[in-house]
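One structure below.
The values are calculated or read from the model by the stated rules, or taken from the named source; none is laboratory data. Bear in mind the structure is a predicted one, so any value in this text is a computation, not a measurement. When we count neighbours, we look across all protein chains shown, and the Cβ atoms used for this are built from the backbone with ideal geometry, even at glycine. What goes into the accessible areas is simple: the full protein's heavy atoms, side chains included, and nothing from ligands, DNA or RNA. Shrake-Rupley method; radii C 1.70, N 1.55, O 1.52, S 1.80 Å.
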Protein chains: 2
Amino acid sequence: MKRGQKKTDRAPYVIGMDLGGTKILAAVVDGDGRIKAEAKLKTRAGEGPGAVVQRMEEAARQAAQQARVKWSAVKGVGIGVPGPVDPEAGIVHHTPNLQGWEDVPLGPQLSKALGVPVYLENDVNLGTLGEHALGAGRGTRDMVGIFVGTGVGGGLILDGQLRQGFRQAAAEVGHMIVMAGGPVCGCGQRGCLEALASRTAMERDIRIGLAAGRESLIPKLAGKGPNSLTSGVLAKALRRKDPLVTEVVGRAQWYLGLMTGSIVNMIDPEMVVFGGGVVEALGDSFVAPIRVTARQHFIQRTGVESVRIVASQLGDHAAVLGAAVLVRQQT
Amino acid sequence: MKRGQKKTDRAPYVIGMDLGGTKILAAVVDGDGRIKAEAKLKTRAGEGPGAVVQRMEEAARQAAQQARVKWSAVKGVGIGVPGPVDPEAGIVHHTPNLQGWEDVPLGPQLSKALGVPVYLENDVNLGTLGEHALGAGRGTRDMVGIFVGTGVGGGLILDGQLRQGFRQAAAEVGHMIVMAGGPVCGCGQRGCLEALASRTAMERDIRIGLAAGRESLIPKLAGKGPNSLTSGVLAKALRRKDPLVTEVVGRAQWYLGLMTGSIVNMIDPEMVVFGGGVVEALGDSFVAPIRVTARQHFIQRTGVESVRIVASQLGDHAAVLGAAVLVRQQT
């Protein structure tokens, strides 16, 4: 501990990064978990892993420049990756959103380029770690993070530590089954939470409604493309009380509530934190009905209110802040 | 450790008890986790908690006599209770199978009667603890126990320790939802695993089939009463390839497999152990299809075979042995 402290004094900054399908986010984070400055670059995944790793280096150096932090004051870089990783070896196994990424040694490559240690972790695990250390979950011992966006991901904090699991595969909340025989999921199975409550699932159900002639503001609010039905568009439609969107989002909230109830019945944590693009756009009004449904399903009726079910406090920065926490834990 | 060891030498025996809706089981267990002798008495829950506590005392003393163990050589008693307990205060909150049990101070009462420390825990938690310490789960770090009988219960071992949870309510596997909108459960909610895969659920579905005129051996094999469709009867019907029973049990196995997949996707343990009356009667042939379905649903495809999904090794004695382990851990 003391040795670590000394090091911190000399190199008090870490860089947290979030490697997304469309953008790379890099943030310089100080010893108090505050973001000093950040840089954003397009991922351009189509150019292949090599080019993306170069742009990640660029984003990290740009963020340091923005923060007026000398590179020698950066003690390490943490990266949230949208898929399974081998944290020990620094390898990205594969990512559904970055085509061509198969067992890429991102950690060693970026560490060589930047001259500092680089640590990887799944982005939702880091989002959970960030919320636990610096956000909604501060001070809790056991916490579950559920992130609702294009997919549904999760993270699990037990005894204050991120749980990796026996095969580094814990907290895959999106692929827990909430409706046996339900709709086919991107993973190929049926009835996963992700197939019922992700933004993708909501978009599917809204388009089914539109195709059947349901009235809705969506054709006016959203463009025509396959990714035009963003979380922001959903938020606008809800504010205007669009009946189709209200119905579809309400159903997703019901399934999220059922699963939250199931997870609480299994893990019995102190807190469940909801984050991700949908939650960021819709805020606590998205979480409130989930809370009601979840609590209805707690089998232990003692202390129902004591289990907090809340929205993320770090929003879009949960993963970069979690990445910064990861670096501090490792060095 | 050394102090504990010394104590063990002087009083090397503990008594593990299982308080069931129909019978009280007491077993004298030595320092190696071996059962020296046991005693069984009827619960006669209708006579009220006071009479049941007296019979528990009798069962404990009978077991010691059977084992030719002086009472002074008994260092403590552990009890598995079919419902939620307060382990610290030794209170049984309530049990669905023992009418009139509301906040009964079983621990203090029995401790006073027997003159030794008494420890309580939920019976499925103790079954899981027993399998982990002395049965199928020996040597695992993280293990889930799932017990299929009249209901479906569970237990969770993380980092080698029984997980109690924030509200002492962890591992309520039977009330995780596997089919949103599914059949009504005893708990009042819909689609819980218990409503789809307990012996009670199987009995319901078999009776629905019979009422609709389905051919089956069940009317010959089982009596007419509400509890006549025992696990033993199910086993007999399966051995004779009864089509209705085969279909209904197969469906229960499917749901158990889905939930096991979900639990592995969340917890990522090394092992899932199946126990309880149904598993005891049907053995590994009951677990094999569950294993296949569960593995199909693992989202992490690396190391699928490394997650062991197995039948209990301790059978009916899982809870009493777990109760003995509990006493050794506490004293």
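Looking only at segment B:184-224, residues that are over 27 Å from B:Val92 (Cβ atoms), buried (at least 24 other Cβ atoms within 10 Å of the Cβ) and charged (D, E, K, R) come to 0 in all. No other residue among A:Gly181, A:Gly160 is farther than 16 Å from A:Met266 by Cα, of a type in the set (Gly, Ala, Ser), at the interface with chain B (Cβ under 8 Å from one of its Cβ atoms) and open to solvent by 20 Å² or more (accessible area, probe 1.4 Å) apart from A:Gly181.
Contact map, segment B:180-201: first residue in the same structural domain as B:Leu282 (by TED's automatic domain parsing), second residue acidic (Asp, Glu) and assigned to a helix (DSSP H, G or I), Cβ cut-off under 6 Å, separation 6 or more or different chains; pairs are B:Cys185/B:Glu194. Listed by first and then second residue, the pairs linking a residue in segment B:155-179 that is within 19 Å of B:Ala323 (Cα to Cα) to a residue that is open to solvent by 10 Å² or more (accessible area, probe 1.4 Å) and not in a loop (DSSP other than H, G, I, E, B), with Cβ atoms under 6 Å apart and 6 or more places separating them unless they lie on different chains, are B:Gly155/B:Val124; B:Gly155/B:Asn125; B:Ile157/B:His132; B:Leu162/B:Asn125. If the condition is being crowded, with 24+ Cβ neighbours inside 10 Å and either within 14 Å of chain B (Cβ to nearest Cβ) or hydroxyl-bearing (Ser, Thr, Tyr) (or both), then segment A:272-289 contributes only A:Val272.
Go through segment A:15-31 and report how many residues are of a type in the set (Asp, Glu) and either free of Cβ contacts under 8 Å to residues at least 24 places away in the same chain or in contact with a His (Cβ under 6 Å, 6 or more places away or on another chain) (or both). Adding up the residues that qualify gives 1.
This table checks each residue for (1) more than 29 Å from A:Glu270 (Cα to Cα); (2) within 9 Å of chain B (Cβ to nearest Cβ); (3) assigned to a loop (DSSP other than H, G, I, E, B).
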residue: A:Ala170; (1), (2), (3): no, yes, yes
residue: A:Cys187; (1), (2), (3): yes, yes, yes
residue: A:Ala195; (1), (2), (3): no, no, no
residue: A:Ala201; (1), (2), (3): no, no, no
residue: A:Arg207; (1), (2), (3): yes, no, no
residue: A:Gly213; (1), (2), (3): yes, no, yes
residue: A:Leu229; (1), (2), (3): yes, no, yes
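Would you say A:Val325 is of a type in the set (A, V, I, L, M) and either in contact (Cβ under 8 Å) with a residue 60 or more places away in the chain or not in a helix (DSSP H, G or I) (or both)? Answer is yes for this residue.
All of (1) more than 14 Å from chain A (Cβ to nearest Cβ); (2) in a helix (DSSP H, G or I); (3) not small (Gly, Ala, Ser) hold for B:Val116 with one exception: (2). The residues of segment B:295-305 that are more than 7 Å from every other protein chain (Cβ to nearest Cβ) and touching a Lys or Arg at 6+ places or on another chain (Cβ under 8 Å), listed by number, are B:Val304, B:Glu305. Considered as a group, the residues in segment B:287-330 that are at pLDDT 95 or above and of a type in the set (Ser, Thr, Tyr) include one that is nearest to B:Gln164 (Cα to Cα), and that residue is B:Ser312. Which of the residues belonging to segment B:97-107 are open to solvent by less than 40 Å² (accessible area, probe 1.4 Å), outside any helix (DSSP H, G or I) and without any contact (Cβ under 8 Å) to a residue 60 or more places away in the chain? Listed by number, the residues that qualify are B:Trp101, B:Val104. Among the residues of segment B:56-83, those identified as over 21 Å from the mean Cα position of the chain (by Cα), within 21 Å of B:Ala318 (Cα to Cα) and open to solvent by 10 Å² or more (accessible area, probe 1.4 Å) are B:Glu57, B:Arg61, B:Gln62, B:Gln66, B:Ala67, B:Lys75. Residues that are at pLDDT 95 or above and outside any helix (DSSP H, G or I) were ranked within segment A:45-74; the one that is nearest to A:Gly115 (Cα to Cα) is A:Val74.
Residues that are surrounded by 16 or more Cβ atoms within 10 Å (Cβ to Cβ) and part of a loop (DSSP other than H, G, I, E, B) within segment B:84-96 comprise B:Pro84, B:Pro87, B:Gly90, B:Thr95, listed in sequence order. For segment B:125-134, taking the residues that are closer than 25 Å to A:Gly160 by Cβ and open to solvent by less than 10 Å² (accessible area, probe 1.4 Å), the one that is farthest from the other protein chains (Cβ to nearest Cβ) is identified as B:Leu129.
In segment B:32-48, the residues that are open to solvent by 90 Å² or more (accessible area, probe 1.4 Å) form Cβ pairs under 9 Å with partners that are aromatic (Phe, Trp, Tyr), at six or more places apart or across chains, as follows: B:Lys36/B:Tyr13. When residues in segment B:135-157 are screened for being open to solvent by 30 Å² or more (accessible area, probe 1.4 Å) and within 8 Å of chain A (Cβ to nearest Cβ), 1 of them pass.
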